[in-house]
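The values are calculated or read from the model by the stated rules, or taken from the named source; none is laboratory data. From a predicted model like this one, the values you see are computed outputs, not experimental measurements. Neighbour counts run over all protein chains shown; Cβ positions are idealised from the backbone, glycine included. Ligands, DNA and RNA are excluded from the accessible area calculation, which covers all protein heavy atoms including side chains. Shrake-Rupley method; radii C 1.70, N 1.55, O 1.52, S 1.80 Å.
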Amino acid sequence: LIVLLPVLTFITLFLKLAERGPVFFAHRRIGLGGEPFNCFKFRTMSVDADQRLARLLAKDEALLHEWRSTQKLRCDPRVTRFGQILRNTSLDELPQLVNVLRGDMSLVGPRPIVADEMLRYGRYTAQYISVRPGLTGLWQVTRDARTSYRRRVATDVLYVNRGDGTFDPA
């Protein structure tokens, strides 16, 4: 954190001065043992992001399908310009180091998910919640733009089952 303090300070000041709304975003995620926790990030979306998402999905069937299949939008209009830079560089996730220090997360592990996503893990839910979610993980370093949610689950389960985090795609 000390090494990253100048970067954290710059991002905080820029968000505070350039964009209205809070600097940080705390999102309820599922952690070890299924316990919910607040996962911290720099805010990258407009302050009315949830309402905008509901309006978008209500009027665009293609976006609704994309959201239902991946829980993401490729070209998400709710993301601010500076937020896009933070996301592209993964700097938006630096506040999760606080989650690591608090014991909510580890540096490496499956990415933390929201409660609604637990359904996608189905029979693998027990494996997912048997480890702390991570700041980064196997899914993040092996994915491409076309990664399906099913592949994400499979990669998380592979990581948990292997235990050592090594990956052999063969």
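Below is a table of values for the structure above.
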item: The stretch 23-133, accessible surface, carbon-and-sulfur percent (1.4 angstrom probe); result: 55
item: Sequence of Arg150, Arg120, Arg43, Arg102 when ordered by accessible area, the most exposed leading, probe 1.4 angstrom; result: Arg150, Arg102, Arg120, Arg43
item: For the stretch 97-152, alpha-carbon Rg over 2.2 N^0.38 Å; result: 1.15
item: Projected label distance in nm at Ala126 and Gln51, using a 7 Å step from Cα toward the beta-carbon; result: 4.4
item: 3J(HN,Hα) from dihedral phi, the stretch 43-58, Karplus parametrisation 6.51/-1.76/1.60, rounded to Hz, x for glycine, proline; result: 5, 10, 10, 4, 5, 9, 4, 5, 5, 5, 4, 4, 5, 4, 5, 5
item: Area of Glu93 that stays accessible when all protein chains are in place (1.4 Å probe, Å², to 10); result: 40
item: Mean accessible surface per residue for the chain, computed with a 1.4 Å probe while every protein chain stays in place, in Å²; result: 61
item: Accessible heavy-atom area order of Glu117, Glu61, highest first, probe of 1.4 Å; result: Glu61, Glu117
item: Relative contact order of the chain, pairs being alpha-carbon contacts under 8 Å that are 6 or more residues apart, as %; result: 22
item: Directionally averaged shadow of the stretch 66-109, computed from the convex hull of its alpha-carbon atoms, nm²; result: 4.2
item: Dimensionless Rg over Rh [the chain; C-alpha; Kirkwood]; result: 0.96
item: Per-residue SASA entry for Ile2, accessible area with 1.4 Å probe, Å² rounded to 10; result: 150
item: Cα gyration tensor category, rounded, prolate or oblate, for the stretch 32-82 with a/c compared to 1.5; result: oblate
